[in-house]
Amino acid sequence: MKRALIRLAVLVVLASVVTWMATGTNRGWTKTSQTIKTLDPVTGIEGITYQPKFSPGVDFLGAAFAAGGLLAGASLLFRNNKPTNDKH
Amino acid sequence: MKLNHLLLLTSLSISAYAAPQSFDFKDPKGVNNAIFKLDAPLESINGSASGITGTVSFDPENPAATTGKIVVASESLTVPNPMQKEHLHGANWLEVAKYPEITFEAKSLANVKTDGNATTADATGTFTLHGVSKDLTVPIKLTYLKDKLSARVPNLKGDLLVVRANFTINREDFNIQKGQYEDKVSPTIDLSLAIAGAAIAQ
């Protein structure tokens, strides 16, 4: 159990870092939409619309690291599996 | 007698031409927008509002007489972070359910300079946000686009008026978290408006 929790903690942290890097290493807050600007040729006004796009930020990383820390911490509640000695 | 008729017709046509036009800023193209920016330590909070309506009375022969009112639906304020948007609309910040409109009513223009179809001026009027009204003077640029409505909206003839304004307000002046979170969210808000209104030819 202890080993499983540690593995899970590492997995959560690694997955979050990989996701964060793969989606553009956003160093701001997590966003769920992306700003799209379009130029109106007649008036010269830049129109703004939003397109759904998940872009995890540092809060996402922080939450993932906290979750990993909790899982690793929870692993301390369990003892190491001692090798069984069935020689008798 | 004929000369009198001619003079009368001429004066009537001049007065008809010189009459101020009413431009409607409800944009069928959905391009009109107001952008807001607040500095914050990690990342500035950038957002926009699209729910813009209002009318402006503009006389191309006398831009100094321009007056009007622009209304922004508070509910249309958007930021890309859903939690920030929820806070922005919520009871601690803009209270959009209680104060559904942000308005600017321009009453007079000063320092009016016209160059071709563009006019710059300082517009003085009443800005209302979060239920608080304050008199403000903001620099504006008006661009009159004669007969350009059909280029934007097919089957409609008329003129366009583009209004641009950039100015800064202090959120504390409008009772928005007065004296609170100044280390996290800037007390000043940069506003940028770029909107086009249409006057349909009769």
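Are there any pairs, at least 6 apart or on different chains, whose C-beta atoms fall under 7 Å, with the first in the stretch B:175-202 and away from every other protein chain (no Cβ under 14 Å) and the second of a type in the set (Gly, Ala, Ser) and assigned to a loop (DSSP other than H, G, I, E, B), and if so, which?
B:Ser186/B:Ala40
What's the number of the only condition in (1) touching a residue at least 24 places away in the same chain (Cβ under 8 Å); (2) open to solvent by 20 Å² or more (accessible area, probe 1.4 Å); (3) within 11 Å of another protein chain (Cβ to nearest Cβ) that B:Gly47 fails to meet?
The failed condition is (2).
Taking the condition on the phi > 0 side of the Ramachandran plot and within 14 Å of chain A (Cβ to nearest Cβ), does B:Gly30 pass?
Details: on the phi > 0 side of the Ramachandran plot: yes; within 14 Å of chain A (Cβ to nearest Cβ): yes.
So B:Gly30 passes the test.
Do we have A:Val12 as part of a helix (DSSP H, G or I) and in contact with a Gly (Cβ under 8 Å, 6 or more places away or on another chain) here? Break it down stepwise before answering.
On the way: part of a helix (DSSP H, G or I): yes; in contact with a Gly (Cβ under 8 Å, 6 or more places away or on another chain): yes.
For A:Val12, the condition - part of a helix (DSSP H, G or I) and in contact with a Gly (Cβ under 8 Å, 6 or more places away or on another chain) - is met.
Matching residues to (1) loosely packed, with under 15 Cβ neighbours inside 10 Å; (2) out of contact with any Lys or Arg (no Cβ under 9 Å at 6 or more places or on another chain):
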residue: A:Val12; (1), (2): no, yes
residue: A:Thr35; (1), (2): no, yes
residue: A:Thr43; (1), (2): no, no
residue: A:Ala63; (1), (2): yes, yes
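Which pairs do you get when a residue that is within 11 Å of another protein chain (Cβ to nearest Cβ) and over 10 Å from A:Ser16 (Cα atoms), found in the stretch A:44-70, comes within reach of a residue that is assigned to a helix (DSSP H, G or I) and open to solvent by 60 Å² or more (accessible area, probe 1.4 Å), reach meaning Cβ atoms under 9 angstrom, with the pair 6+ apart or on two chains?
Every condition considered, the pairs that remain are A:Asp59/B:Met83.
Checking A:Leu8 against (1) open to solvent by less than 60 Å² (accessible area, probe 1.4 Å); (2) more than 8 Å from every other protein chain (Cβ to nearest Cβ), which single condition isn't satisfied?
Here A:Leu8 clears every test but (1).
Need the failing condition index for A:Lys2 against (1) over 24 Å from B:Ala40 (Cα atoms); (2) at the interface with another protein chain (Cβ under 7 Å from one of its Cβ atoms); (3) not small (Gly, Ala, Ser), just the number.
Status for A:Lys2: all satisfied but (2).
Quick one: what pairs do we get from the stretch B:142-162, first residue away from chain A (no Cβ under 11 Å), second surrounded by fewer than 17 Cβ atoms within 10 Å (Cβ to Cβ) and assigned to a helix (DSSP H, G or I), C-beta under 7 Å, 6+ apart or different chains?
B:Leu156/B:Ser150; B:Lys157/B:Ser150
The values are calculated or read from the model by the stated rules, or taken from the named source; none is laboratory data. Bear in mind that the values here come from a model prediction, so they are computed numbers and not experimental data. We place every Cβ from the backbone using ideal geometry, glycine too, and count neighbours over all the protein chains shown. Just so you know, the surface numbers come from the protein's heavy atoms only, side chains and all, with ligands and any DNA or RNA stripped out. Shrake-Rupley method; radii C 1.70, N 1.55, O 1.52, S 1.80 Å.
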